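Here's the structure, in structure tokens; my notes come after.
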Amino acid sequence: MEQIPLAVIVGPTGSGKTALSVRLAKAFGGEIVSADSMQIYKQMQIATAKPTLEEMEGVPHHLIGFQDCSEPFSVADYVDMAGKAVREIYEKGKLPFLVGGTGLYVSSLVNNVSFNEIISEPALRAELQKRLKLEGGQKLLEELREFDPETAAALHPNNGNRIVRAIEVYRLTGVSMSEHQRLSRQKPSPYKPCMIGLSAKNRQVLYDRINLRVDLMLKAGLLEEAKEVLSRPGTKTAFQAIGYKELKGYFDGSCTLEEAVETIKRETRRYAKRQLTWFRRDERIHWLFLDELEEDCLFKAARRIIKKELCG
């Protein structure tokens, strides 16, 4: 089976994936497929750090801003849509780039994880959703951790739907979601991935970038966007995105703006730490460090890796 060459750029939020991937895509004549679970939504722009048209620099981007945030969207949906986008890019004679920080999206696509074979039971799903509403995501996440610590480590208490799905899979099959994923990886992947990760040796460098980005988001209109998104009916997804739920307290009068902003920064730093924990488990990733290489050297190093692994 012919494998599709796939350049993969991953890393924590604020590490510069967008800028590097655009530059690389221009160098290789490629197109970008987003692997970000929040950038798929139409109404969520600033908080999800969607690349602007200026930042895209004419490079086609796929799977950004196509889903209404009141509609459900699963990992299986993502794997199906991203797989089709990657194949279409390849069939045009261009190099597909998979870019993002949602580790579950990246690993599920690259490793050819099959979700369609895992059954679902509406009654059990409804029962778990009811528990989620009554008991909260943290309680269900602790339950999940007892039999599937690997999946639990990758999820935030606000990822309610994914926590519910992971518990449902185990209750129906007796096998954890992480084990299902391992078993499905025994099937050959249609992709030949070259994986590059961005990080910083000194964690404070990354945290400073995150803090600055939050400040820039506020200047760009995050308050207005959050108020508008949170006012929409049926937008539970907004509460999974860092930058909205933290501002709800400010809108409700339960905290000051300064306190809400500091919470956004803290939660974003924690999210970056979880992202790094996830990606570090993948030994295929070539790590490049922001505090060791300036921008041009970073680009040249990434270009050299891609040339060697995909174009050699």
| Residue in segment 88-96 that is closer than 28 Å to Arg165 by Cβ and buried (at least 17 other Cβ atoms within 10 Å of the Cβ) present | yes
| query | In segment 1-31, which residue that is hydroxyl-bearing (Ser, Thr, Tyr) and in a loop (DSSP other than H, G, I, E, B) is nearest to the chain's Cα centre (by Cα)? | reply | Thr13
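Tell me the residue from Glu146, Glu150, Glu121, Glu71 that is under 21 Å from Ala272 (Cβ atoms), surrounded by fewer than 21 Cβ atoms within 10 Å (Cβ to Cβ) and touching a helix residue (DSSP H, G or I) at 6+ places or on another chain (Cβ under 9 Å), please.
The match here is Glu150.
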| query | Which condition number in (1) part of a helix (DSSP H, G or I); (2) of a type in the set (A, V, I, L, M, F, W, C); (3) surrounded by 13 or more Cβ atoms within 10 Å (Cβ to Cβ) is the one that Ile242 fails? | reply | (1)
| Test for Thr256: is it in the same structural domain as Thr52 (by TED's automatic domain parsing), surrounded by 13 or more Cβ atoms within 10 Å (Cβ to Cβ) and either over 30 Å from Phe28 (Cα atoms) or within 22 Å of the chain's Cα centre (by Cα) (or both) | no
| remark: Taking first residues from segment 140-155 that are within 15 Å of Leu104 (Cβ to Cβ) and second residues anywhere that are hydroxyl-bearing (Ser, Thr, Tyr), the pairs with Cβ under 7 Å that are 6 or more apart or on different chains are Leu144/Thr151; Asp148/Tyr170; Asp148/Ser176; Asp148/Ser178; Glu150/Ser178; Thr151/Ser176; Thr151/Ser178; Ala153/Thr277
| Going through segment 232-254 one residue at a time, which ones are within 20 Å of Tyr271 (Cβ to Cβ) and at pLDDT 85 or above? | Ile242, Gly243, Tyr244, Lys245, Glu246, Leu247, Lys248, Gly249, Tyr250
| message | If I filter segment 284-308 down to residues being without any contact (Cβ under 8 Å) to a residue 60 or more places away in the chain and assigned to a loop (DSSP other than H, G, I, E, B), which single residue comes out as surrounded by the fewest Cβ atoms within 10 Å (Cβ to Cβ)? | response | Glu294
| query | Looking at this structure, is Ser199 touching a Ser or Thr at 6+ places or on another chain (Cβ under 7 Å) and not assigned by TED's automatic domain parsing to the domain that holds Phe97? | reply | no
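The values are calculated or read from the model by the stated rules, or taken from the named source; none is laboratory data. All of these numbers come straight from a predicted model, not from anything done at the bench. Glycine also receives a Cβ, built like all others from the backbone with ideal geometry; neighbour counts cover every protein chain displayed.
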